[in-house]
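In what follows, a single structure is set out as structure tokens and then discussed.
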Amino acid sequence: MQLTGEMLIGRTAVRGQAGGQRAFNPTTNVVIAEPEFNFGTREDVDRAVALASTAFDSYRNLPLARRAAFLEAIADEIMALGDVLIERAHAESGLPIARLTGERGRTVGQLRLFAQVVRDGRFLSATIDTAQPERQPLPRADLRLAKIPLGPVAVFGASNFPLAFSVAGGDTASALAAGAPVIVKAHSAHLGTSELVARAVQKAAQREGMPDGVFSLLIGAGREIGEALVAHPGIKAVGFTGSRQGGLALVNIANHRHEPIPVYAEMASINPVFLLPHALAERTEALAQGFADSLTMGAGQFCTNPGLVLAIDGPDLRRFVAAASKALTAKAAQTMLTPGIHAAYQSGRAQVEAVDGVERVASGIAAGDQHNAAQAALYVTDARRLLNTPALQAEMFGPASVVVKADDLDELLQVANMLEGQLTATLLLDEGDHDDVRQLLPVLERKCGRILANGFPTGVEVCHAMVHGGPFPATSNSMYTSVGASAIDRFLRPVCYQDIPDALLPVALQSGNPLGTWRLVNGQLSSAAMS
């Protein structure tokens, strides 16, 4: 497929008129010559949102089977791009081919998961309380509830996942599954990758006869296009993965609209790892190696990277630090996604190193003449220093972590209570640690969206039970997840229909249950038609 540098507004390719830029290869540190990607204007935002608003009712009222087929068609078209997509993503991100191949699998896998969710129909939460005209002292009306999509959704491509969290990533897939048209703002770090995927989505929409405007891709310099999208009255929700600064800026715009809207922003997390005493004593070297591998995976550019390790001080912890240090010194420097991300990582490390009482105990192999390459680092401090230095909770977003030594379990609990909201918390434990864990779990339940045992948090499975969310500042709304089947709930709201004639009800609420889906009828689950 030939790249053109154009935006896609519905079915039409549009050449931006507000300047442009070329893509960049962070590995070679040079610009990719062709093509130039041209920036859109506020008029382009208006056009895309107008098309999406016009498409909304047509799209959301399509049979669920057609909506599901559209999602599967997007997956098919992405796979049909073949090596061209992987090679372009590699050139623009510096990520290894194997990593990107796996990410493509995750991208199409979540599209197909949401197709299953749509066909199943349970996401509609169809609920029926039939009329009770003879009830005393007052009769009850016929009441029926189903969820409908909020309206057109703005999605921001993420820097660290050029496929799975970008143009056709989880936000787009879940919004389209909910019945909401999507307008994506492409990330400047992978413009060619974004165009390739967007054209696959556009082709799938045409193939499946979707309304014009169900999907658009915009390109913009700086913040102008993104801010205009979030501020536009036709946009009803926002999906974002990125920095705390960026997420909060969008939340602020959304909250100051005439009609405030939800911004589902997945932001900063340092994902604490709790090393419990019995596990630490029994599996020191294995845990240290697993930690080092997790920390450096993908140059540490995962929102679930283990940026903090907490344990009770003693000989076993010192053995762990020594083993982790040895493992990290053998880790090669890795190219980061952009020069800006690399500079931010260097700045984050410098801030940590400037704190009195923080010692750098290990560094990975130096970058040498590698461009934009991150060198791994491990730091050690004590719990009291962490409790008194909020800056040590800042995400470094790269292959660096801080080991925190606590005097005892009480101090460990004190640190856990002080932590900000997190995406994950990890418990490395053996059976002898269960009593300690019982004290930690209630704290961690309040602090994070996913608690895992005897693993590392950098793997996020796309499935029905996954939660990729958490209290602020991990996300802007801890009630929802951005990964997994439940991500669809972000873009839905309930509507109650009172005494509406059966023929006029949404299909999911009609007495004959044409969809054959499970519904809550007078408090009882049923998939049968009502007599």
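Name the residues in the range 94-113 that are surrounded by fewer than 19 Cβ atoms within 10 Å (Cβ to Cβ) and either under 14 Å from Ser174 (Cβ atoms) or touching a Lys or Arg at 6+ places or on another chain (Cβ under 6 Å) (or both), would you?
Hits for the range 94-113 are Gly109, Arg112.
Can we say Glu34 is out of contact with any Pro (no Cβ under 8 Å at 6 or more places or on another chain), in a strand (DSSP E or B) and at negative phi?
Judged against the criteria, Glu34 is a match.
Residues of the range 23-43 being touching a residue at least 40 places away in the same chain (Cβ under 8 Å) and in contact with a strand residue (DSSP E or B) (Cβ under 6 Å, 6 or more places away or on another chain), which ones?
Hits for the range 23-43 are Ala23, Phe24, Asn25, Pro26, Thr27, Ile32, Phe37, Asn38, Phe39, Gly40.
Does any residue of the range 347-367 turn out to be modelled with pLDDT of 95 or more, in a loop (DSSP other than H, G, I, E, B), crowded, with 20+ Cβ neighbours inside 10 Å and out of contact with any Phe, Trp or Tyr (no Cβ under 6 Å at 6 or more places or on another chain)?
Yes - at least one qualifying residue is present in the range 347-367.
So for the range 457-468 (the condition being among the polar types (S, T, N, Q) and at pLDDT 95 or above), does at least one residue qualify? Break it down into steps so the answer makes sense when it comes.
Step one: list which residues in the range 457-468 are among the polar types (S, T, N, Q), which gives 458.
Cutting the leftovers down to at pLDDT 95 or above gives us none.
No, the range 457-468 has no match at all.
Which condition breaks for Val30 when tested against (1) farther than 22 Å from Lys185 by Cα; (2) open to solvent by less than 60 Å² (accessible area, probe 1.4 Å)?
(2) is the only condition that Val30 fails.
Please go through (1) without any contact (Cβ under 8 Å) to a residue 24 or more places away in the chain; (2) crowded, with 16+ Cβ neighbours inside 10 Å for Asn372 and return the number of the only condition it doesn't satisfy.
Only one criterion is unmet by Asn372, namely (1).
When you scan the range 416-531 for strands (runs of 3 or more DSSP E) that lie fully inside it, which ones turn up with 3 or more residues that are surrounded by 20 or more Cβ atoms within 10 Å (Cβ to Cβ)?
So the answer is 422-428, 448-453.
Of the residues Glu77, Glu103, Glu92, which single one is assigned to a helix (DSSP H, G or I) and touching a strand residue (DSSP E or B) at 6+ places or on another chain (Cβ under 7 Å)?
Numbers: Glu77 fails: touching a strand residue (DSSP E or B) at 6+ places or on another chain (Cβ under 7 Å); Glu103 fails: touching a strand residue (DSSP E or B) at 6+ places or on another chain (Cβ under 7 Å).
Exactly one of Glu77, Glu103, Glu92 is assigned to a helix (DSSP H, G or I) and touching a strand residue (DSSP E or B) at 6+ places or on another chain (Cβ under 7 Å), namely Glu92.
List the number of the failed condition for Lys331; all other conditions in (1) in a helix (DSSP H, G or I); (2) touching a residue at least 60 places away in the same chain (Cβ under 8 Å); (3) closer than 18 Å to Glu285 by Cβ; (4) touching a Pro at 6+ places or on another chain (Cβ under 8 Å) hold.
Only one criterion is unmet by Lys331, namely (1).
Output the residues belonging to the range 70-108 that are closer than 23 Å to Glu208 by Cβ and out of contact with any helix residue (DSSP H, G or I) (no Cβ under 8 Å at 6 or more places or on another chain).
Answer for the range 70-108, where residues must be closer than 23 Å to Glu208 by Cβ and out of contact with any helix residue (DSSP H, G or I) (no Cβ under 8 Å at 6 or more places or on another chain): Gly82, Gly105, Arg106.
If you check Asp293, Asp313, which single one turns out to be modelled with pLDDT of 95 or more, farther than 26 Å from Ile365 by Cα and of a type in the set (Asp, Glu)?
The conditions single out Asp313.
Within the group Gly470, Gly449, Gly455, Gly484, which residue is touching a Ser or Thr at 6+ places or on another chain (Cβ under 8 Å) and at positive phi?
Answer to the selection: Gly470.
Picking from Glu445, Glu461, which residue would you name as being farther than 30 Å from Lys405 by Cα and out of contact with any helix residue (DSSP H, G or I) (no Cβ under 8 Å at 6 or more places or on another chain)? Working first, answer last.
Values: Glu445 fails: farther than 30 Å from Lys405 by Cα.
Going through Glu445, Glu461 in turn, the sole match is Glu461.
Any residue at all in the range 80-88 that is basic (Lys, Arg) and more than 21 Å from the chain's Cα centre (by Cα)?
Among the residues of the range 80-88, at least one is basic (Lys, Arg) and more than 21 Å from the chain's Cα centre (by Cα), which makes the answer yes.
For Gly5, all conditions in the list (1) out of contact with any Asp or Glu (no Cβ under 7 Å at 6 or more places or on another chain); (2) outside any helix (DSSP H, G or I); (3) within 17 Å of Gln202 (Cα to Cα) hold save one; what is the number of the exception?
If we test Gly5 against (1) out of contact with any Asp or Glu (no Cβ under 7 Å at 6 or more places or on another chain); (2) outside any helix (DSSP H, G or I); (3) within 17 Å of Gln202 (Cα to Cα), just (1) comes out false.
The values are calculated or read from the model by the stated rules, or taken from the named source; none is laboratory data. Since the model is a prediction, treat every value here as computed from it, not as a measurement. Backbone-built Cβ (ideal geometry, glycine too); neighbour counts: all protein chains shown. These area figures cover heavy atoms from the full protein model, side chains too; ligands, DNA and RNA do not enter into them. Shrake-Rupley method; radii C 1.70, N 1.55, O 1.52, S 1.80 Å.
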